[in-house]
Amino acid sequence: MTEFNLIQIAVAILFLPLVGFAFVLFFGKKIKNAYLFEISIITVTFILTAVLLFNKLSWFPDKNIVSEFSWIRIQNLAVLGNISIDLGFLLDNLSVIMIFTVALISMLVHIFSIAYMKGDRLYNRYFAYLGLFTFSMSGIVLTHNILMMYIFWELVGISSYLLIGFWYEKKSASDAGKKAFLVNRIGDIGMFSGIMLIFNTYHTFTFDKIFTQMAAGTLPFNSEFWLTVTGLLLFCGAVGKSAQFPLHVWLPDAMEGPTPVSALIHAATMVAAGVFLVCRIYPILTGNALFIIAVIGALSAVIPATIALTQNDIKKVLAYSTVSQLGYMVMALGVGAYKFAFFHLITHAFFKACLFLGSGSVIHAMHHEQDITKMGGLKKKLPLTYATFLIASLALSGIPLTSGFLSKDGILQGTFAFASLTGHWLFPAAGFAVAMLTAFYMFRLIILTFHGEPKNKEKYDHAHESPFVMAMPLVVLSTLSIFFWYTPNPVNADAGWFLSKWIKSPVLSVPQNARYSFMKTDVVSSVSKEGIADINNSTTVEGKEIVYSEAYTEAMHHAHYPAMFLSLLVAALGIVFAFIFYYWKKISADKLAADIEPLYKLSFNKWYFDEIYNATAVAFTMGSSRFLAWFDMNIVDGAVNGVATVTRWTSSFTGKFDSVIVDGLVNLVAYFSGFIGLILRRFQTGKVQTYLVLVVFSLVIILYLFKTF
Amino acid sequence: MSIYDIIFYLFAAITLISAFFVVTIRNIVYSAFFLLFTFFGVAGIYVILGADFVAMVQLIIYVGGIVILMLFGVMLTNKITSVAIKTGTSQIVPAAIGVGMFAGILTATLVNSHWRKVDTAPLLPTTQSLGLMLISEYGIIFELLGIILLIALIGAASLARK
Amino acid sequence: MGNFPILSFITFLPIAGMIIILLLPKAQTLAMKSITLIITGIQVILAGFLLYHYNYGMGGINNPATFQYIEKFRWIEITGFSWIGKIKIDYFLGIDGLSIPMVLLTAIISFIATLASWKIDKAVKGYFALYLLLVTGMMGVFVALDFFLFYVFWELMLLPMYFLIGIWGGPRREYAAIKFFLYTLLGSVFILLVVIGLYFSTMETLVDGSKVFTFNMLSMMDTHNFVANGILSPMNPHNLRLIAYIALFIGFAIKIPMFPFHTWLPDAHVEAPTAISVILAGVLLKMGTYGILRVCYPVFPDITLKLVWWIGAFGMINIIYGALCAMAQKDFKKLIAYSSVSHMGFVMLGMASLNTIGISGAVLQMFNHGTITAMLFIIVGVIYDRAHTREIDAFGGLATQMPIYTGFVTLAFFAAIGLPGLSGFISESFVFLGGFAFETIRVITVISTLGLLLGAGYMLWTLQRIYLGTVPEKWKLLKDLDFREYAMLVPLSVIIIFLGVYPSFMLNLMNSSVNSMVKFMMDSRALYSSITGF
Amino acid sequence: MIHVGLTHFLFISSILFSLGIFGIVTRRNAVMVLMGIELMLNAANINFIAFARYGNFGLQGQIMALFVIVVAAAEAAIALAIVLNIYKIFSTVNVDEIDTLKD
């Protein structure tokens, strides 16, 4: 297996889903089973990603394989010289692991959908859209430059628009699709501005070249402030796609799409793209930028977690849980726990996909009933779904032996260490609070859905376990939520191959004094290791990873056990509370809700974000649009028509005035104003003679301008 | 002030004064008659400028043809019995201002331009040489004009017949 | 092909067609349509031929030697008025990288608009005769290099347009036609003023060494040709170049149409028949920006450099104002018309950037907007043909009723909001990247990115209101596309997708010219400051 | 008082021309408009002939004046025919009442 073979495989992985999309789109009407083509294509893609993953990690574990070609070449620019806009692939460990995850989940979702979507009017079209979506997402993961990433970023946006609004005949569905796209677009505008800044500074879009130039000291407008701004603008894209506060509002609405789509979009692919972007641009993020990112992440972790507590729609709960978990990852990136963030991205992808598909299975069984207060006791009817759902929930709550425990623990550990070094204790506090809330609402969900008495007897009686094609993905995903895939030691992920071998934190390109203090290259240590006291060189001598200071390593080490036990404790607390409230019913949840009604309402109504946005941004835009349309019709266009009326009125007035007082001077003034009116009037009295007068005046002006004497 | 000058001023006065009446007087029939005088004055100016043949053509075509045509137009389009042979005017003041300014600037331009003049040649009869030019150098244009006249004749007849 | 006058041929071929059509008896409508189709088809082939033999390395702009397919001979020559000097007007055609995309666009859009006019049944003879005359005028504007000739073509296109809107238009057609006519005529008057002013300020040296006033645009770009005391000569300390520039700019800006001169556009579009809307949005609007690039920029580089912020600012206003106005429209066609206003703003923004990327983006956007908007207007036409209304709120759920049509609609809408993979994306990105690189308009560029959001907003909203949801009972009978409509929409879709994936095709074509333009502007900064001495 | 020369004739013609415009612009009767046009044509003719005399053209100016006269005759005939038609359709020849161009 050479590097070239790997690139060939990557090309095939990228374009096969597109072929599937085109084929099914064009022949879906004529060939009844066109969707089988798409499914086989995606299976082949998955096998290829597995091959790619295996070969990359075994043969080139430390190598970044790049292949590029020039897409647009602009020559002889006056200032910049030749510019070539390249497209290309970057295969590093990050991208091959990610593409494997994407392809796996995409394949499972395809298979799950065979049964779930059975009988839909646009059955084939649905699979075509899934193919398009997989193509776009693969593009984001495999690309080696920011422009191509933006291109596929938008394609993901549009394919999510198509998928979320798949049942377009429902107004709520098409609304949700539109909202998703527009909210994403807000983030994208920020991202594009960031790209403009990057291009303006480095004249290239390729990540490697940007990093190299930045490490050599080129900064946007030569200032660290603008570097921070660049990083934050690019992060805006992630805020949109990963549904971070304050742009998280689209994600819960996006649950209007078919449930497998929710699993695909909101677990592993689209929302993960934002976190992936931050991972990609990590080298250019300054300390200040990272801090703001951490704050946004913390807010996005806490707020949706509180909202999830009170939701009754099974998919909404999961949606808010997704936002909250993504906030977790972003916060982890912000506090410097890069590896754990990416680790959580992968583990979360599997168990959240499992949860969504599980909820799909429940909804399918209950004939499209989504309200958990109307379910209950489904454990007996859907044993397999229950088992897988439980495993995934345990993983999400961070219970040992699951993958979620490992990654979540790592993130909490990271915030803990960060706090001990910088004193921002709110981050770990937020982390632990969210851990408890997560455990609570997940078990609330499980208890209400699977335990207790069935509340809707009729639907309950008709419920039945899902067919094989739906059960198989659930089983696969729930197995992937167990620890042994990632590390042999169920309590410490550091020892595992995933973190020690595969995922390397990138070398920072940011100038030393713009970094977090614990990420500054330790000059002394490099002297001691290399015997060279060259500061300029010190960024590169260390090789492939971020150099954390010894204090940080120390802090991480110390944080390990406290974080682990504390997180276990809060998770257990959360679960216990859930049981107290909903299983044993020791405390009435309704009564408590009534006692703290304002808080309950705040949570139940999603902190009124939608209402606030509707009342401000949307209302402002619509208002100004209506105002401007009115302005256009009546002021700009009416400047012509309106002035005409006024002038007509003026001239009739002056006409009368004239007939009363015969005064040559007044006459002259009046007619002069009438003449101005003639110009400003629609120029269309319809009388040739009026036009002629105008012509005469124009001639006078022209002759005067060009007079020869 | 030679006799030449006096004749010039005479014709100029006839032309301009009657032209003024053409455009100001209310009765159209009178206007037409003043138009006749204007053309006559113009013909006189032609003579002063040594264009004897053109002057004759002017008299024959304009005075004899076009003015009569105009009168027919007036008669045919106004009820003779009514008093409507008068014409209304509109937008006198802006027109007067505009045209006044225009006249001023046009005159100033023409008068102040430095024309490259040659010495005036002695006045000679022009009819023969014009005739020669019309059938030699300007032959095609002459023919074309004939066709135009024919077309105009047919066109006018068919238009008026409708 | 050697000396074959291919540009004259491509320009005047429609006139030949017009004469044939005029000679046909009134009832032969099919023959008239076919002749128009064949003529415009030949134009497309000729444009393809031009493209095939086009030399990518030649820059054009101000250097006559690097123009291609040049045809130049004396057109009008009057000697003898010795005190005025000789009047000499050349018939001077040629193309460079700025014009060839426009020639291509004109040929393609004319062809497609012919198909769109297939259903015209009122006074067919007059319609197609005028239509062909219009095509000649448009093509002429893009190939003329003599300012007088340029102006003649500019006016030539005006008149048929007036009649095409005024006779074959909708209920308020006369109002719209008059408004269009007077607005553009006003612009033409401004242009004419400057043409005359430039004529009396520029002298060209003939072969025999004598100097004459000239209408040659390329001579006007060379400072050596200016007369010392001409009113538009930079050497004249009391020159009127600024005023003349503004007049010329407004003349072209009315065509773009630039805020606040844009109000004729919605009216004209709403009333015009589909094919004419296609032509109007596809080609006519480009003449404004083309004129600015072809004339304003190289003839008045000194003033351009001074006013470039304003050009960018008006571009920004167009983008945002047009988008917001579009959002509030209830008439589908009016909405598309305002979206044109918004999209032409990108062109202005790109022009204002004065660097290769931005201007390339602007020219590319001209081409792309031509194809995309043509498609959008055809889409409106399709629905209007069937439903006889354009009220957005009257529709709903057409995706169920007309799935293939909706597929094309989705493609066109996505192209209009600049989705990657479709042609609009590259041009808009280039405009932004170019604008951002130029310090003067950097802030403007950043604000303009809002247009991306607003554009997506109104487009998706429209998509939702017309095509998504459930079908009202009364539209249950609407039929999906027929063959003629496929023939219009498929080529445009192919172009849009092709340029989305392979924009280099167009960018390479214009690269040398854009570079020459940028270099010329940069050199002029020093040149003109040395002449005027400030 | 200076001797009568080129400028005198030009003066006459420009005044005549302006009066012609005045007539066209102000008179409401279509026939009167035609008369105004005739005045303008005559003004132009005076210019032609004056330049023919004082410029270096020989008789070209006079030829041109002849042509103008011929064309004017044709024009007058056609125009009057049109006026008659207008009168039949609108029952008026007042140009300001004929404003279908307006809508």
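Brief remarks on what is shown
Condition check ((1) of a type in the set (Lys, Arg); (2) in contact with a Ser or Thr (Cβ under 8 Å, 6 or more places away or on another chain); (3) within 14 Å of chain C (Cβ to nearest Cβ)) across all residues:
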residue	(1), (2), (3)
A:161	no, no, yes
A:167	no, no, yes
A:198	no, yes, yes
A:203	no, no, yes
A:207	no, no, no
A:210	no, yes, no
A:240	no, no, yes
A:255	no, yes, no
A:270	no, yes, no
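- The residues in the stretch B:122-150 that are of a type outside the set (S, T, N, Q) and either at the interface with chain D (Cβ under 8 Å from one of its Cβ atoms) or surrounded by 15 or more Cβ atoms within 10 Å (Cβ to Cβ) (or both) can be counted, and the count is 9.
- Residue check for residue C:376: within 14 Å of chain A (Cβ to nearest Cβ) and buried (at least 22 other Cβ atoms within 10 Å of the Cβ): no
- Checked against the criterion of being more than 25 Å from the chain's Cα centre (by Cα), over 25 Å from residue A:107 (Cβ atoms) and surrounded by 23 or more Cβ atoms within 10 Å (Cβ to Cβ), the stretch A:481-496 has at least one qualifying residue.
- Filtered residue count, the stretch C:316-349, keeping only those that are within 16 Å of the chain's Cα centre (by Cα) and among the small types (Gly, Ala, Ser): 5
- Residues of the stretch A:186-195 that turn out to be within 9 Å of chain C (Cβ to nearest Cβ) and surrounded by 23 or more Cβ atoms within 10 Å (Cβ to Cβ), as a count: 3
- Per the conditions (1) modelled with pLDDT of 85 or more; (2) surrounded by fewer than 24 Cβ atoms within 10 Å (Cβ to Cβ), the sole criterion not satisfied by residue A:412 is (2).
- Scanning the stretch A:279-334 for residues that are more than 23 Å from residue A:356 (Cβ to Cβ), under 18 Å from the mean Cα position of the chain (by Cα) and among the β-branched types (Val, Ile, Thr) yields A:281, A:292, A:293, A:295, A:296.
- Residues located in the stretch A:130-188, provided they are part of a helix (DSSP H, G or I), of a type in the set (Ser, Thr, Tyr) and under 27 Å from residue C:451 (Cβ atoms): A:136, A:150, A:159, A:160, A:161, A:174
- Only residues that are surrounded by fewer than 18 Cβ atoms within 10 Å (Cβ to Cβ) and either at the interface with another protein chain (Cβ under 9 Å from one of its Cβ atoms) or closer than 16 Å to residue D:32 by Cα (or both) were counted in the stretch B:49-65, giving 1.
- With respect to the conditions (1) assigned to a helix (DSSP H, G or I); (2) away from chain A (no Cβ under 11 Å), residue C:517 falls short on a single one, namely (2).
- Condition met for residue B:158 (among the hydroxyl-bearing types (Ser, Thr, Tyr), at the interface with chain D (Cβ under 9 Å from one of its Cβ atoms), without any contact (Cβ under 8 Å) to a residue 60 or more places away in the chain and surrounded by 12 or more Cβ atoms within 10 Å (Cβ to Cβ)): no
Results for (1) modelled with pLDDT under 75; (2) touching a helix residue (DSSP H, G or I) at 6+ places or on another chain (Cβ under 6 Å); (3) within 22 Å of residue A:320 (Cβ to Cβ); (4) not hydroxyl-bearing (Ser, Thr, Tyr), shown as yes or no for each residue.
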{"site": "A:581", "(1), (2), (3), (4)": "no, yes, yes, yes"}
{"site": "A:608", "(1), (2), (3), (4)": "no, no, yes, no"}
{"site": "A:636", "(1), (2), (3), (4)": "no, no, no, yes"}
{"site": "A:643", "(1), (2), (3), (4)": "yes, yes, no, yes"}
{"site": "A:653", "(1), (2), (3), (4)": "yes, no, no, yes"}
{"site": "A:660", "(1), (2), (3), (4)": "yes, no, no, yes"}
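- Summed over the stretch B:5-48, residues that are within 13 Å of residue D:9 (Cβ to Cβ) and within 7 Å of chain D (Cβ to nearest Cβ) total 8.
- Residue under evaluation residue C:469, criteria (1) touching a Ser or Thr at 6+ places or on another chain (Cβ under 7 Å); (2) closer than 22 Å to residue A:617 by Cα, criterion not met: (2)
- Test result for residue A:246, part of a loop (DSSP other than H, G, I, E, B), in contact (Cβ under 8 Å) with a residue 12 or more places away in the chain, surrounded by fewer than 23 Cβ atoms within 10 Å (Cβ to Cβ) and of a type outside the set (Ser, Thr, Tyr): yes
- For the stretch B:110-121, residues that are over 19 Å from residue B:55 (Cβ atoms) and either in a loop (DSSP other than H, G, I, E, B) or more than 7 Å from every other protein chain (Cβ to nearest Cβ) (or both) total 7.
- Tally, over the stretch D:59-88, of residues that are more than 8 Å from chain B (Cβ to nearest Cβ) and farther than 23 Å from residue B:60 by Cβ: 1
- Number of the exception - residue C:232 against (1) touching a strand residue (DSSP E or B) at 6+ places or on another chain (Cβ under 9 Å); (2) within 14 Å of chain A (Cβ to nearest Cβ); (3) surrounded by fewer than 20 Cβ atoms within 10 Å (Cβ to Cβ): (3)
- Flag for residue C:184 being in contact with a Leu (Cβ under 8 Å, 6 or more places away or on another chain), touching a residue at least 60 places away in the same chain (Cβ under 8 Å) and of a type in the set (Ser, Thr, Tyr): yes
- For residue D:91, the criteria (1) crowded, with 23+ Cβ neighbours inside 10 Å; (2) more than 7 Å from chain B (Cβ to nearest Cβ) hold in every case but one, which is (1).
- Output for the stretch D:1-46, where each listed residue is within 7 Å of chain B (Cβ to nearest Cβ) and among the β-branched types (Val, Ile, Thr): D:4, D:7, D:12, D:15, D:21, D:25, D:26, D:31, D:46
The values are calculated or read from the model by the stated rules, or taken from the named source; none is laboratory data. Everything numeric here is computed off the predicted structure, so don't read it as measured data. Reconstructed Cβ throughout: ideal geometry from the backbone, glycine too, with neighbour counts over all protein chains shown.
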